Structure formats: C-alpha cells, structure tokens
Amino acid sequence: MNSQPRDTGFFTESLSSRDPELFGAMTQPYLEEYKPEPRLVELAKAGPGMKFFRGKGCPACNQTGYLGRIAIHEMLGINDRIRSVLAHDCDLAALRKAARDTGMMTLREDGLAKVKQGITTIDELLRIAV
C-alpha cells in the first residue's frame, strides 16, 4: 500500500507539520456567568438562550482567568464518500458538502462546543476562528 498522498489538486499537508490552533482554557473553579456583547454572540453564531462564562481570576492564573491551553480541531475523516469525491469530483464545494454531510465539525463549531461547556470564552473563540 502506498502511503504517499495522491495529488488531487488540493493542498496536502502533514498534520504534524503545523501547530494546532490553541487558545486559552479557563480555570474551572473560578468562573462567572456574564452576557457578552451581542455582536460577539452573533459573530460566533451562538444559539439563543446560551449561557456564557468567563474566568474570574485567581492566584494560580495570575488573575487572568485563563490557565493552560486547549486545542480546537477541524478534521476531515476519509471515508468512502470523501474518497469518491476526491477521486472523481475534486471540486472544493463538493468536498465541503460531503465533509459536512458525514459529520465534520468546523473550527468554529468545535470552539463553540467548548464555549458551551465552559472550557473557554467566546472572546477566545473569536480570536482564533472568526
């Protein structure tokens, strides 16, 4: 089996050749609920009734409200449908549709899930995935 990537007209890059997108992870014990600016909620495409949190700060995080880092991911799993699109269509719109139809999450969606879980803030998400 050949492990070399086939040239499909798309830019191919090894996952290990670039750093993942990272943003600040909040310190869990010191969270407070807050209402972000409406434009931030709109930019993040957050649903109605979503609760937002931010770090209050503590000695461990030097009063920043963040401690450590967490990655957001956008990964395209290669299944039969994706393989077929790559082999035949090589059209970005077709690839994007097939990826979304088979459950791929975008960077923004993965980040928003972490915002919903209280892992990070909407501000940090928008800093990375606007």
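Laid out as a table, the results:
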{"quantity": "Pick from segment 34-81, criterion in contact (Cβ under 8 Å) with a residue 40 or more places away in the chain and aromatic (Phe, Trp, Tyr), ranking: farthest from LYS114 (Cα to Cα)", "calculated": "TYR66"}
{"quantity": "So GLU109, is it under 18 Å from LEU67 (Cβ atoms), of a type in the set (Asp, Glu) and under 12 Å from the mean Cα position of the chain (by Cα)", "calculated": "no"}
{"quantity": "Within segment 52-130, helices (runs of 4 or more DSSP H) holding 2 or more residues that are aromatic (Phe, Trp, Tyr), in contact with a Cys (Cβ under 8 Å, 6 or more places away or on another chain) and buried (at least 17 other Cβ atoms within 10 Å of the Cβ)", "calculated": "none"}
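The numbers here are math on the coordinates, done by the rules we state, and not lab data. All values reported here derive from a predicted model rather than from experimental measurement. Ideal geometry is used to build each Cβ from the backbone, glycine not excepted, and the neighbour counts take in all protein chains shown.
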